[in-house]
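Asker: One structure follows; several queries about it will come next.
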Amino acid sequence: MKYVRLFMIFLFLNVTNPILNEVNAEDDGLYQSISFNSNSPSEVDNSTIVSGFATSSEISIMITWQLESSNVIIDTGELSLDFLSESLQNPTYQWEIFLDFSSYGIDCTCYLTVTLESEIPQSIIKPIFYSSTEQIFNPAFILSKQSENNLFSGNIPIYGSSWSPNGYLPDVYWNIFQTNSNAASCDVEISQILTNSIKLISPYQDSNTFQSSLDISDLKDGYYSLYTWSNIIIDSEQLNSKLHCSFVKIDNNAPSSEIQAQNNLIILEGFDPILFDGSISSDPFFGRANLNFVWVLSQIIPNINDDKFHMEVRNVTSGSDERTFLINELNAGNYTLILTVTDECGLSNSSSISFSIINMAPVARLSINQLEVFNGESIELLADEELELDASGSTDTENDINSLSCIWKVNNVPFYEGCVRTFSWPDSVESKEFTLSLEVSDNDNIISQISVIITSDSSRNSTYFALALLLFSLLFVSYGLYKRYSVNEEKIPKW
């Protein structure tokens, strides 16, 4: 016989319960919680009422429950209630479950699991001791879930609660066995589980709750069955509590980090895109799934004051999908690319690869008066003539073409700047010829040069002398004519 009652209470109650006796959650405005009214296990003679509270923002709630012993379900039921009023937010409901142990016909250390059904069900567990005789109860043992993915490295945190009716704190034991898969786990014989089991030393933190860490650092990577239980009989070779078995994955070894690249890593500037591939990186046991990749590209910069160098980070890329790294534009220099691969447990491994980008010198091209000239040619320039100098046809790789600069030199002395200029004979040059040089440089200060010889049919001094002689001659002739006509006009004296 079983009896169930459910009450709606339009109050918010503050209920503090130990581990596993209360759970709550809030996500995107949806709030729900469920808890027992009493913190302790129950000891019953024939029947008992177990009560608690449930809070939810949903219009209606459903609570299911089951009573089990030694993994055998003894009784089940469900409670439901519609939200009849919308005037209150997150009302709290009190629920009660009546359990008639005399009708079950067994003595047990039983476990009552109560679940608030929703998109994410929430369950709480309460031990109940029942015996129709004076037999010794087995201890109650409840283990909390370790992690969402059951993946561990180095150690497994373990926590839960354990009770015995006489008030003693049961000892907590564990053992672990390698398995092939989740489906094949938890099938070890009890005698083998109890053999060489490990007892936790002083695991209890508060009242009947325990917390400890299981050392698994010596185990190989792989799948395991983890068994935990409690015992109140010292050195007992028999299991007298509920046995918990969990499928766990152990990852004690870091993944490998490997970079694949082209053979030639001395690359001419203006190169085609280079692909560095890290997809061959993997975890020794779990393979290439669930790995995270971090690429760090740095340039090696020589120090000015000594023969050492420092690193300047140029690019950082990370993500589970970033298995490759593409480089399609870099200036000349020496570079290092580091790949760090991290697995789900946070274990990581790094590898690096170095490469160099070699700058290609620009190609200087010179046109004078729209005619291309080449290195070593001679150009005649008259005294009053101007030349149109044009170096805009000079070329370089795509990444440097917009950074080209031009300097014009006369006899190796800088004279003009700019790739298009108008040029006439410099006043500072008095000889019959001089060397005009064009220097084209990129942003790495790599220079390409063209030189031509500029000549004249006479020196600048000869020109000046000829002009002065001509002027003097004109003056002399003018003076002579003047004197001749002046004499004819004078009176000839009579003798």
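The values are calculated or read from the model by the stated rules, or taken from the named source; none is laboratory data. None of the values given here were measured: they were computed from a predicted structure. Glycine gets a Cβ as well: all are built from the backbone with ideal geometry, and neighbour counts include every protein chain shown. All accessible areas refer to the heavy atoms of the entire protein, side chains included, with ligands and DNA or RNA removed. Shrake-Rupley method; radii C 1.70, N 1.55, O 1.52, S 1.80 Å.
Asker: For the pairs Lys145/Lys242; Lys199/Lys242; Lys220/Lys242; Lys145/Lys249, flag any whose C-alpha to C-alpha distance is greater than 18 Å. All intermediate terms of the calculation are to be shown ahead of the outcome.
Answerer: Working: Lys145/Lys242 15 Å; Lys199/Lys242 16 Å; Lys220/Lys242 28 Å; Lys145/Lys249 14 Å.
Check vs 18 Å cut-off fails for Lys220/Lys242.
Asker: Given a 1.4 Å probe, how much area per residue of the stretch 302-451 is accessible, in Å²?
Answerer: On a per-residue basis, 58 Å².
Asker: To continue, here is another question. Place the peptides 161-172, 364-375 in order of packing, highest mean first, counting for every residue the other Cβ atoms within 10 Å and averaging per peptide. Walk me through the numbers before you get to the answer.
Answerer: Working: 161-172: 18.6, 364-375: 14.8.
Those peptides, ordered most packed to least, come out 161-172, 364-375.
Asker: Another question, then. Treating the beta-carbon of each Lys and Arg as +1 and of each Asp and Glu as -1, no other charges, what is the dipole magnitude of the stretch 233-384 about its Cα centre, to the nearest 20 debye?
Answerer: Result for the stretch 233-384 is approximately 500 debye, rounded to the nearest 20.
Asker: Under 13 Å from the Cα of Lys126, which aspartates and glutamates turn up, not counting those fewer than eight places away in the same chain?
Answerer: Those aspartates and glutamates meeting the cut-off are Glu22, Glu43, Glu68.
Asker: In addition: At what distance in nm do the modelled label points of Ser428 and Lys145 sit from each other, each positioned 7 Å from its Cα along Cα→Cβ?
Answerer: So the label points at Ser428 and Lys145 sit 8.5 nm apart.
Asker: In addition: Give me the net charge of Asn149's neighbourhood, meaning all other residues with Cβ under 10 Å from the Cβ of Asn149; Lys, Arg count +1, Asp, Glu -1.
Answerer: Charge balance near Asn149 sits at -1.
Asker: Moving on to the next point. When Lys and Arg each count +1 and Asp and Glu each count -1, what net charge do the other residues less than 14 Å away from Ser351, Cβ to Cβ, add up to? Show your work: numbers first, answer last.
Answerer: Working: positive: Arg323; negative: Glu258, Asp277.
Neighbourhood net charge equals -1.
Asker: Roll a 1.4 Å probe over the protein chains and send me the accessible area per residue for the stretch 109-157 in Å².
Answerer: For the stretch 109-157, the per-residue accessible area is 42 Å².
Asker: Could I ask something else about it? So between Ile233 and Asn402, what do we pick up on full extension, going 0.36 nm a residue minus the alpha carbon distance?
Answerer: Full extension from Ile233 to Asn402 adds 52.3 nm.
Asker: Please give the FRET efficiency for Ser350 paired with Leu219, using the beta carbon to beta carbon distance and R0 = 25 Å, rounded to the nearest 0.05.
Answerer: According to the calculation, E is roughly 0.50.
Asker: Quote the FRET efficiency, to the nearest 0.05, computed for Ser118 versus Asn263 with a Förster distance R0 of 41 Å and r equal to the Cβ-Cβ distance.
Answerer: Working: r = 59 Å, r/R0 = 1.44.
With a Förster radius of 41 Å, E is 0.10.
Asker: Next up: Please give, to one decimal in nm, the separation of the simple spin-label points placed at Arg314 and Asn411, each 7 Å out from Cα toward the Cβ.
Answerer: Taking the two extended label points, one gets 4.4 nm.
Asker: If you don't mind, there's one more thing I want to ask. How far is it, in nm, from the label point at Gln94 to the one at Ser367 when both lie 7 Å from their Cα along the line to the Cβ?
Answerer: 9.9
Asker: Tally Lys/Arg at +1 and Asp/Glu at -1 over every other residue whose Cβ is under 12 Å from the Cβ of Gly278; what's the total?
Answerer: Working: positive: Arg288, Arg323; negative: Glu258, Asp277, Asp321, Glu322.
That sum, taken over residues with Cβ under 12 Å, equals -2.
Asker: Summarise the accessible area of the stretch 307-352 (1.4 Å probe, protein heavy atoms) by the percent that is carbon and sulfur.
Answerer: Details: 1140 of 2790 Å².
Result for the stretch 307-352: 41 percent of the exposed heavy-atom area is carbon or sulfur.
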